[in-house]
Amino acid sequence: MLKENLEAVEARVAAACERAGRKREDVTLIAVSKTKPVSDIREIMACGMVDFGENKVQELCGKLEEIKEPLRWHLIGHLQRNKVKYIVDKVYMIHSVDSVRLAQEIQKEAEKHQVDCQVLVEINIGGEESKSGVAPEEAVPLIREIAALSRVHVKGLMTVAPPVEKSEDARGYFKRMRKLFEAVKAEQIPGVEMMELSMGMTGDFETAIEEGATMVRVGTAIFGARQYAV
Ligand SMILES: *Cc1c(COP(=O)(O)O)cnc(C)c1O
């Protein structure tokens, strides 16, 4: 059943690429498996998926004890500095860097583990009080500072758009992200390769692809609704 969900999402990703005149391989679909059991992840792995997203360090580490296959784990949730040490050598990419201090901690732990770490800078594109991420105008100064860290490699930007009723309503946010992405790229900051624009979730990933997303993070449409303990 999860296989069918994934196939349906895959078809929608392909159709959005087609509409936007983009190549399917230019967009990475990340299966967001937070709160879901390892058995569900295995079902999706069996379909050939290698990119998985988790938002909590503890949950990710628990899953990594059971899943030893070489997957690409994306840390997509807010990351506390004291947790960096648990994941720095285990993740493919950290999508949620939003301060110099966090980047410095990643540098310190990456050095300890002798690894390099790919990161995205998270942008609070809707200027929401409750969201993490930096304001758009802080992106370039922050990326310049991170660029000085030898083991932390900025690969692009990430955002979680404000909740909207229809996917279409998020388009303006995605357009602004794309503009910001291009503006940062134009700065040609040494050591910074602007390759990835991580935006779009279950409710809005098609619009995000139309507006230039290179990574979409889809949970609910693949794994079904999440149940949180109350
Ligand atoms: C949970 C989550 C997603 C996936 O959300 P869905 O709406 O279930 O697709 C994407 N990005 C982040 C940062 C998340 O925390």
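The values are calculated or read from the model by the stated rules, or taken from the named source; none is laboratory data. Because the structure is a prediction, the values reported are computed rather than measured. Neighbour counts are summed over all protein chains in view; Cβ atoms, including those assigned to glycine, are modelled from backbone coordinates with ideal geometry. In case anyone asks, the SASA skips ligands and DNA or RNA and just uses the protein heavy atoms, side chains included. Shrake-Rupley method; radii C 1.70, N 1.55, O 1.52, S 1.80 Å.
Miscellaneous remarks
- Each principal axis of segment 126-230 carries a Cα extent, and these read 42, 30, 26 Å when sorted largest first.
- Heavy-atom accessible area per residue - segment 2-223, 1.4 Å, Å²: 46 Å²
- For the chain, the relative contact order works out to 21 percent when only alpha carbon pairs closer than 8 Å and six or more residues apart are counted.
- Dipole magnitude of the chain about its Cα centre (Cβ charges: Lys, Arg +1; Asp, Glu -1), debye to nearest 20: 300 debye
- Accessible carbon and sulfur surface of segment 2-223 relative to its total accessible area, %, 1.4 Å: 48 percent
- Spread over its residues, the convex hull of the C-alpha atoms of segment 2-223 is 117 Å³ per residue.
- Under 25 Å from the Cα of K131 - lysines, other chains or at least 8 residues apart: K34, K36, K56, K83, K85, K155, K166, K175, K179, K185
- Cα gyration tensor shape of segment 172-225, rounded if a/c is under 1.5, else prolate or oblate by comparing a/b with b/c: prolate
- Cα centroids of segment 46-81 and segment 119-184: 22 Å apart.
- Distance between the pseudo-spin-label points of Q227 and K56 (7 Å out from Cα toward the beta carbon): 1.6 nm.
- Segment R24..K90, full-extension length gain: 21.1 nm, with 0.36 nm per residue of separation and the alpha-carbon distance subtracted.
- Solvent-accessible surface of protein heavy atoms, probed at 1.4 angstrom with all chains present, puts M93, M201 in the order M201, M93, largest first.
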